[in-house]
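To keep things clear, I will list the structure first and then write my remarks on it.
The values are calculated or read from the model by the stated rules, or taken from the named source; none is laboratory data. Owing to the predicted nature of the structure, the values given are computational and were not obtained by experimental measurement. For neighbour counting, all protein chains shown are included, and Cβ atoms are generated from backbone atoms with ideal geometry for every residue, glycine included.
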Amino acid sequence: MKFTYWIAENLNNRKTEAIIARTKHECEQKVIAFGSPEQYGQPVKKSFLYTDVFDLFEMATADDGGRGMG
């Protein structure tokens with residue numbers, strides 16, 4: 001299966017504070033809503049493949065996983 005999302009990375013290298021959303025428009029709106037657009041990069045589309053829910057969970061919880069996955 002394929003998982004696709006949009007991410008606006010925090011420019012202060014705080015991966016946990018990246019903004020993620022299902023669509024580019026939604027990501028842009030979240031950046032504006034947080035009130036500090038200058039702290040975030042432009043939304044970027046990311047995708048990755050996984051075989052099943054366990055595979056997805058394993059990727060998300062791995063050392064190099066998290067919001068920057070993909």
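If I filter region 61-70 down to residues being part of a loop (DSSP other than H, G, I, E, B) and more than 12 Å from the chain's Cα centre (by Cα), which single residue comes out as modelled with the lowest pLDDT? In this case the residue turns out to be D64. Quick one: is A21 aliphatic (A, V, I, L, M) and within 24 Å of K2 (Cα to Cα)? For A21, the condition - aliphatic (A, V, I, L, M) and within 24 Å of K2 (Cα to Cα) - is met. Scanning region 12-54 for residues that are aliphatic (A, V, I, L, M) and within 9 Å of the chain's Cα centre (by Cα) turns up A18, I19, I20, A21, V44. May I ask you to verify whether I32 is touching a helix residue (DSSP H, G or I) at 6+ places or on another chain (Cβ under 8 Å) and of a type in the set (V, I, T)? So I32 fails the test.
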